[in-house]
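Have a look at the structure below before the remarks.
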Amino acid sequence: MTSRRRHHGFAGGVFGAVLLWALTGSAAAAAPASTSVYLEELTWTELRDRVAGGATTLLVPIGGTEQNGPHMVLGKHNVRARWLAGRIAGKLGNAIVAPVVAYVPEGAIDPPTQHMRYAGTISIPEPAFESTLEASARSLRRHGFCNVVFLSDHGGYLASVERVAARLNRDGARRTPCAALALAEYYRVTQTDYVQALHSKGVAAAEIGSHAGLADTSLALAVEPALVRADVMAARLPTADKDGASGDPRRSSAELGRLGVDWIVDASVAAILAKTRRAP
């Protein structure tokens, strides 16, 4: 009896393992291809098929690793640029989002200038930054992308991005109708339309600030609340200086940030559609 029970137990175990393998194997084989717009989340064959199917616009979000006052994390630009690029790609319908460029010029290293005066900021020379952008764009053009759109999440490196786009356009002008864009509208609306929208809500210019103030912090809250240390923000004195923030972030909110999100996404989509065409 004991021998027979052991035999049946072994057989049952084998049968169960085979059945589990069959079920999970079939499920894996039937799993649909990813519908993500993020290149990093696709396999190479999924990406190849998406490009062949018409997803030939590449969005390159450019962030930066820099201080954002004592109340916001160093990677704010990277998270925000990736998130916004995903929303823009979703509205376009024919775009893929490249990995975020997180290493950007942030001032001299020695002696430190600009944001490099604060712990955690990473700065690279402009030539290295431009070479990285250009080589990345050329790599992905080789794989079938036609239009390359650079999305600059802060203004310190706009001139570099424009130089790279110009070089790419000179190189490809004779062969294709494709374009490389340093999309000024993405950043410009944060300094114009979004500011006006905040004024219409009763927000003063002194609160908005130029870096890590109410506008900047509200955008971060709309994208990912965990980017902001709410207790530190609430405790900041309006007269504080030399803490890396310009403006008064205390009244920041996700609701105010969503005004900026809408402006950035809609203005970027309209500009991309106006300046590019789908690959033939």
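The set of residues in segment 43-85 being assigned to a helix (DSSP H, G or I), of a type outside the set (A, V, I, L, M, F, W, C) and surrounded by 19 or more Cβ atoms within 10 Å (Cβ to Cβ) consists of 50, 76, 77, 78, 80, 82.
Screening residue 154 against (1) modelled with pLDDT of 95 or more; (2) under 19 Å from the mean Cα position of the chain (by Cα); (3) open to solvent by 10 Å² or more (accessible area, probe 1.4 Å) leaves a single unmet condition, (1). Residue 128 falls short on exactly one of the conditions (1) within 27 Å of residue 273 (Cα to Cα); (2) out of contact with any Leu (no Cβ under 9 Å at 6 or more places or on another chain), and that condition is (1).
Selection within segment 86-104: residues that are farther than 24 Å from residue 46 by Cα and surrounded by fewer than 21 Cβ atoms within 10 Å (Cβ to Cβ). The member of this set that is farthest from the chain's Cα centre (by Cα) is 103. Quick check: anything in segment 136-143 at pLDDT below 95, polar (S, T, N, Q) and either surrounded by fewer than 16 Cβ atoms within 10 Å (Cβ to Cβ) or assigned to a strand (DSSP E or B) (or both)? No: segment 136-143 contains no residue that is at pLDDT below 95, polar (S, T, N, Q) and either surrounded by fewer than 16 Cβ atoms within 10 Å (Cβ to Cβ) or assigned to a strand (DSSP E or B) (or both).
Taking the criterion of being part of a loop (DSSP other than H, G, I, E, B) and either aliphatic (A, V, I, L, M) or open to solvent by 70 Å² or more (accessible area, probe 1.4 Å) (or both), the residues of segment 118-134 that qualify are 119, 122, 124, 125. Could you tell me how many of the residues in segment 96-142 are touching a strand residue (DSSP E or B) at 6+ places or on another chain (Cβ under 7 Å) and of a type in the set (Phe, Trp, Tyr)? Adding up the residues that qualify gives 1. Screening residue 226 with (1) modelled with pLDDT of 95 or more; (2) aliphatic (A, V, I, L, M); (3) open to solvent by less than 50 Å² (accessible area, probe 1.4 Å) gives one miss only, at (3). For segment 188-203, indicate whether the set of residues that are assigned to a helix (DSSP H, G or I), over 24 Å from residue 275 (Cβ atoms), open to solvent by 20 Å² or more (accessible area, probe 1.4 Å) and of a type in the set (Gly, Ala, Ser) is non-empty. Yes, segment 188-203 contains a residue that is assigned to a helix (DSSP H, G or I), over 24 Å from residue 275 (Cβ atoms), open to solvent by 20 Å² or more (accessible area, probe 1.4 Å) and of a type in the set (Gly, Ala, Ser).
So that you can scan it fast, the table gives a plain yes or no per residue for (1) in a loop (DSSP other than H, G, I, E, B); (2) open to solvent by 30 Å² or more (accessible area, probe 1.4 Å); (3) at pLDDT below 95:
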| site | (1), (2), (3) |
| --- | --- |
| 171 | no, yes, yes |
| 174 | yes, yes, yes |
| 185 | no, yes, no |
| 219 | no, no, no |
| 233 | no, no, no |
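From the list 107, 90, the one residue that fits, being modelled with pLDDT under 95 and of a type outside the set (S, T, N, Q), is 107.
The values are calculated or read from the model by the stated rules, or taken from the named source; none is laboratory data. Computed from a predicted model, the values in this text were never measured in an experiment. Here Cβ is always computed from backbone atoms with ideal geometry, including for glycine, and neighbour counts include all displayed protein chains. The accessibility values were calculated without ligands, DNA or RNA, using every heavy atom of the protein model including side chains. Shrake-Rupley method; radii C 1.70, N 1.55, O 1.52, S 1.80 Å.
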